[in-house]
Amino acid sequence: MKQTYIKEISRHLGQEITIKGWLYNKRSSGKLGFLEIRDGSGLIQGVVSKKDVSEQTWENTEKVTQESSITVIGIPREHPKHPGVYELDISDLTVHQLAQDYPITPKEHGVEYLMDHRHLWLRSRRQHAILKVRHEIIKAVRDFFDDDGFTLCDTPIFTPAACEGTTNLFEVQYFDEKAYLTQSGQLYNEATAAAFGKVYCFGPTFRAEKSKTRRHLTEFWMVEPEVAYAKLDDIMDLAEKFIGHIVGRVLENRKEELIILERDTALLEKAMPPFPRLQYDDAVKMLQQAHTEGKVENLFELGGDFGSPDETYISSQYDKPVMVHRYPAAVKAFYMEPDPQRPDLALCVDVLAPEGYGEIIGGGERASSLELLLDRIKEHELPEEAFDWYLDLRKYGSVPHAGFGMGIERCVSWVCGLEHVRETIPFPRMLNRLKP
RNA sequence: UCCUCAGUAGCUCAAUGGUAGAGCAUUCGGCUGUUAACCGAAGGGUUGUAGGUUCGAGUCCUACCUGAGGAGCCA
């Protein structure tokens with residue numbers, strides 16, 4: 001018989017259907033068995049009554065174990081006690097493979113154990129919900145740009161040199177020479193933007209930083225739009241519209257998942273444009289004020305980059321994402337365009353997510369002058385020959401242009417209200433985690 | 001790299017320096033409306049590793065290993 005997916009069960013009430021899936025959990029009460037069945041699309045409770053089924057099916061009901069693969073035939077109907085909840089009256093149960101001692105039991109487990117069993121942990125309700133939200137966010141990202149005239153131009157993962165120089169890169173052998181895994185598609189995006197006008201790239205990014213925090217992965221996915229002729233204000237408008245679109249889509253299409261995750265959606269509903277915009281200088285004043293009032297420990301020095309506690313304090317002052325712009329050029333990457341009014345400041349922006357989730361977007365206007373870039377490359381002690389193609393972009397029709405990058409995992413973590421980004425990607429790569 | 005915390009049954013955790021226990025999982029038995037079902041029984045241990053202190057160490061000390069959280073750095 002044709003397979004029916006659990007999420008479509010309401011269309012088959014009273015009809016005999018076949019569900020193919022796995023046993024999520026089992027309870028029993030004498031000659032009555034309750035089987036929680038999952039098939040990837042959803043979860044449903046099946047009921048087996050000894051007096052109504054064959055001896056074989058009853059025997060299978062008694063012996064079937066957690067996560068055994070099964071096929072059941074039955075008739076869906078409403079739950080007698082819970083209106084709106086569906087249940088399956090099972091008439092036949094066959095077991096494909098009997099799972100023995102499934103490692104993830106219905107009781108709680110530690111982080112290390114769950115991470116060691118990530119390949120199985122993905123089957124649990126909560127992980128399923130998170131990855132469904134991830135999928136929704138990625139789809140929303142693509143739709144947002146595709147519907148706004150952007151062209152997807154993916155950038156390479158093997159790169160010959162550092163994009164930004166400062167952070168640690170993963171080095172790999174590339175035939176007879178050394179190559180590095182990309183830490184940003186940024187520079188290549190500038191080339192494709194000059195060809196297509198509005199572009200984005202979306203792919204994995206690698207950072208060999210020895211960071212062990214709830215916000216870090218060594219391999220994460222980043223989406224980076226780049227727009228020719230765009231200025232800082234244009235890119236800030238784009239960023240807030242973009243985040244509003246993502247959050248809106250998740251609220252609209254992933255209600256059930258947000259309930260499973262116990263996410264306070266009232267907080268998400270506030271994350272709609274316009275977002276507050278704060279100059280770096282004013283953010284520093286805010287931090288210094290907070291210090292004199294005893295609300296933050298460290299006295300922040302003007303000119304430095306914000307640390308994680310600083311970002312947390314700034315974002316805690318708002319109930320929606322906040323855009324901090326015009327940081328000192330000295331603390332930012334070499335390719336940032338200086339503010340014509342204040343050349344010591346870079347025309348850049350960081351978007352800080354609410355609830356202490358920190359920076360989810362970083363971006364800004366790129367330097368369009370060849371002379372300035374040559375100076376900056378020298379200042380940062382970067383190898384000029386590695387950037388010859390990049391400098392060509394300033395020789396042949398250079399224009400003002402801007403873009404930003406958003407880390408998908410940090411965004412998913414915030415939208416889901418998670419404690420750690422490691423749950424936002426199927427197989428996270430971290431400082432101490434390369435397996436499974 | 002630095003700081004803090006942790007490591008005991010398959011899993012999650014107890015155990016004042018004095019005979020290593022419970023819940024879940026597993027196996028067996030009971031229950032016709034269960035929801036991390038419940039009730040009864042059984043099996044299950046080189047307390048991360050190596051030293052040390054002590055009559056006696058899971059517990060105290062030292063080193064190392066592994067993990068977690070944080071700092072720095074970042075999305």
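The values are calculated or read from the model by the stated rules, or taken from the named source; none is laboratory data. Worth saying up front: this structure is predicted, and the values here are computed from it rather than measured. Cβ: placed from backbone, ideal geometry, glycine included. Neighbour counts: every protein chain shown. For the accessible areas, the whole protein counts, side chains as well, though only heavy atoms, and no ligand, DNA or RNA atoms are used. Shrake-Rupley method; radii C 1.70, N 1.55, O 1.52, S 1.80 Å.
Quick one: grab the alpha carbon gyration tensor of region A:125-205, order the square roots of its eigenvalues as a ≥ b ≥ c, and give me rounded if a/c is under 1.5, else prolate or oblate depending on whether a/b is larger than b/c. Since a/c reaches 1.5 but b/c is at least a/b, the shape of region A:125-205 is classed as oblate. Ellipticity at 222 nm from helices only: DSSP H runs of n ≥ 4 in chain A, each -39500 (n - 2.57), divided by the residue count, give -9000 deg cm²/dmol. Normalise the Debye intensity by I(0) for region A:6-97, one equal point scatterer per Cα, no solvent, then take log10 at q = 0.10, 0.11, 0.14, 0.23 Å⁻¹ and round to two decimals. Ignoring solvent entirely, the Cα scatterers give -0.21, -0.25, -0.42, -1.20.
The overall shape of region A:230-294, judged from the alpha-carbon gyration tensor, is oblate: a/c is not under 1.5, and a/b is no greater than b/c. Our summary gives region A:119-424 a relative contact order of 20 percent, counting only alpha carbon pairs under 8 angstrom and 6 or more residues apart.
Across region A:6-97, the relative contact order, built from alpha-carbon pairs under 8 Å that are at least six residues apart, equals 32 percent. Each Lys and Arg adds +1 at its Cβ and each Asp and Glu adds -1 at its Cβ; summed about the Cα centre, chain A shows a dipole of about 1800 debye.
Note on chain A: with neighbouring protein chains present and a 1.4 Å probe, carbon and sulfur make up 51 percent of its accessible heavy-atom surface. Taken about its Cα centre, region A:6-97 carries a charge dipole of about 220 debye when Lys and Arg each add +1 at the Cβ and Asp and Glu each add -1 at the Cβ. Here the gap between A:Phe427 and A:Thr65, fully extended at 0.36 nm per residue and compared with their Cα-Cα distance, gives a gain of 127.7 nm. Applying a DSSP loop filter and a limit of 11 other Cβ atoms within 10 Å to the trypsin sites (Lys or Arg not before Pro) in region A:197-271 leaves A:Lys210, A:Lys212. Beyond 30 Å in Cα-Cα separation lie the following of the pairs A:Lys255/A:Lys295; A:Lys212/A:Lys378; A:Lys7/A:Lys63: A:Lys255/A:Lys295; A:Lys212/A:Lys378. Given a 1.4 Å probe and the protein chains as shown, A:Trp58 ends up with an accessible area of around 20 Å². Run the reach check for A:Lys231 against lysines, Cα to Cα strictly under 16 Å, same-chain hits fewer than 8 apart removed. What comes back? Leaving aside lysines fewer than 8 places away in the same chain, those within reach of A:Lys231 are A:Lys198, A:Lys241. For A:His119 and A:Ser369, what is the calculated FRET efficiency with R₀ set at 41 Å and r taken between the beta-carbons, to the nearest 0.05? The value I calculate is 0.20. Under 14 Å from a label point set 7 Å out along the Cα-to-Cβ vector of A:Asp52, the amide N atoms of region A:65-92 belong to A:73-81, A:87-92. State whether region A:292-331 is rounded, prolate or oblate according to the following rule on the C-alpha gyration tensor (a ≥ b ≥ c being the square roots of its eigenvalues): a/c under 1.5 gives rounded; otherwise a/b larger than b/c gives prolate, and the remaining case gives oblate. Oblate.
Strictly greater than 44 Å: what percent of every Cα pair in chain A meets that? Cα-Cα pairs in chain A separated by more than 44 Å: 25 percent. For region A:1-95, trypsin sites (Lys or Arg not before Pro) are listed when DSSP marks them as loop and at most 16 other Cβ atoms sit within 10 Å of their Cβ; the list is A:Lys2, A:Lys31, A:Lys81.
A DSSP coil position with no more than 16 other Cβ atoms inside 10 Å describes the following GluC sites (Glu not before Pro) in region A:5-69: A:Glu16. A probe of 1.4 angstrom, applied to the heavy atoms of all protein chains, finds A:Arg429 with accessible area near 50 square angstrom.
Extension gain for the segment A:His135 to A:Glu177, taken as residue separation times 0.36 nm less the Cα-Cα distance, is 11.4 nm to one decimal. Annotation: aspartates and glutamates with alpha-carbon distance below 18 angstrom to A:Lys107 (same-chain offsets under eight excluded): A:Glu36, A:Glu67, A:Asp116. One decimal place: the segment A:Leu299-A:Glu355 gains 18.0 nm when fully extended, by the rule 0.36 nm per residue minus the C-alpha distance. In this simple spin-label approximation, A:Glu78 and A:Gln97 carry label points 7 Å from Cα along the Cα→Cβ vector, and these lie 4.0 nm apart. Think of a 1.4 Å ball rolled over the protein heavy atoms: chain A then has 49 Å² of accessible area per residue.
Amide H contacts for A:Thr155 (H built 1.01 Å from N in the peptide plane; partners 5 or more residues away or on another chain; cut-off under 5 Å): A:Phe202.
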